[in-house]
């Protein structure tokens, strides 16, 4: 702070000196000040906002949901109340619990959210979490008319849903715009029902794109500082043409209210999901059957790629389209159907919207060479998630270093042969690779490796033994670091470890 203050005083003093010199200049020599344009620009922007609001408000709806009271069993699997078990030794409590009912009634629940009409027949877009598990849905239009929401179709992966109302006449509808063309800094307008205050309009800018805060399974969120609060969920995020470029979904908040960060499902993704729900009652996604990771700064230098160029295949699942196409761990997917890939979310977005049972060309980088492979995409199973097929656990064996362990001094870890006994302890179905037997907490490997991790490749050399590992070390470029393919529990990944200074 002191430095900043001293610099500020210096700038003020300099400005004051400049004013004294300027005073000696004749009026005729003074440069003309620019004409005030702020008021004109503000009025023009205000007119645009007003026009968008007038166009959007008749198309935005309030959604009220009710979940009926339900009977719930308060006993355990054996019909015994869990609290009763805590006091079962005291006969007084046993008598008390014996007189208590085994069934209780959960309270009726209600909720409120937003939505918007996308078809004059009465099709409304909202969030899945607004209407999920609702027994009754009431939709209220701007003019106060209320209708029963029916034919609910949801997609939990993107947290989107559609419902229908029958108004008996064509309704005004919003259209989707180009969310890909929206840029950081562009003005946007949010419409919804924050805290139950119906049909509220707020404005802001696009703060960022491509966000993945962990809210939904499929994420490529637009981030905005337009005020979004509880109740805004499902409402539209509009550009200055009045077109929907996002569906307001969530906020990042420490207070429970608006903290300046809101997230919206991009219009491109939302419109595709809506079309799928209308046509099929569900979203039919294509999939490859691989896990991938981004090309980070460390990995880019090893692969001779730019940071963020492509997506690295870390695992290929059996009997999947990726397996049939002969994809391998270590391949970098660069293009699919001619579309450039710029990371995992980019590839995921391209794949899911391609046609099922159709052949496409996938361009990869393998061992430094570009290759093109044909791949036939299949429909993603309903239960297909990374967690269900690969697991997210990261197991550690806790095994002490063995006498025959090999020490990698420059990187701070030791490895040893992966014997059948160790493979069984780690729950592995293969004895490929070498196992990490210890990691120096102060070494370079501490942020990358854990005891029990299995190293499958070093410098693109497949490892079957400690001898193979040592050969891989010999091929390592010390300046670029140690390039490893690692299996942690059931998850595989690539990483780079650099020597300690």
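Going residue by residue through segment 423-431, is there one that turns out to be touching a strand residue (DSSP E or B) at 6+ places or on another chain (Cβ under 6 Å), surrounded by 18 or more Cβ atoms within 10 Å (Cβ to Cβ) and not assigned by TED's automatic domain parsing to the domain that holds residue 368?
Within segment 423-431, none of the residues are touching a strand residue (DSSP E or B) at 6+ places or on another chain (Cβ under 6 Å), surrounded by 18 or more Cβ atoms within 10 Å (Cβ to Cβ) and not assigned by TED's automatic domain parsing to the domain that holds residue 368.
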Being over 34 Å from the mean Cα position of the chain (by Cα) and more than 17 Å from residue 329 (Cβ to Cβ) narrows 451, 466 down to just 466
When you scan segment 248-256, do you find a residue that is more than 28 Å from residue 140 (Cα to Cα), modelled with pLDDT under 95 and more than 20 Å from the chain's Cα centre (by Cα), even just one?
yes
Residue within segment 132-148 that is surrounded by fewer than 19 Cβ atoms within 10 Å (Cβ to Cβ) and closer than 15 Å to residue 247 by Cα present
no
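For segment 269-284, state whether one or more residues are farther than 29 Å from residue 243 by Cα and in contact with a helix residue (DSSP H, G or I) (Cβ under 6 Å, 6 or more places away or on another chain).
Checked against the condition, which is being farther than 29 Å from residue 243 by Cα and in contact with a helix residue (DSSP H, G or I) (Cβ under 6 Å, 6 or more places away or on another chain), segment 269-284 yields no hits at all.
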Practice problem: Answer yes or no: is there a residue in segment 121-134 that is without any contact (Cβ under 8 Å) to a residue 60 or more places away in the chain, over 19 Å from residue 230 (Cβ atoms) and part of a strand (DSSP E or B). | Solution: no
Within segment 149-178, residues out of contact with any helix residue (DSSP H, G or I) (no Cβ under 8 Å at 6 or more places or on another chain) and surrounded by fewer than 21 Cβ atoms within 10 Å (Cβ to Cβ) come out as 150, 151, 157, 164, 166, 167, 168, 169, 170, 175
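The values are calculated or read from the model by the stated rules, or taken from the named source; none is laboratory data. What you see is a predicted model; the values in this text were computed from it and never measured. Reconstructed Cβ throughout: ideal geometry from the backbone, glycine too, with neighbour counts over all protein chains shown.
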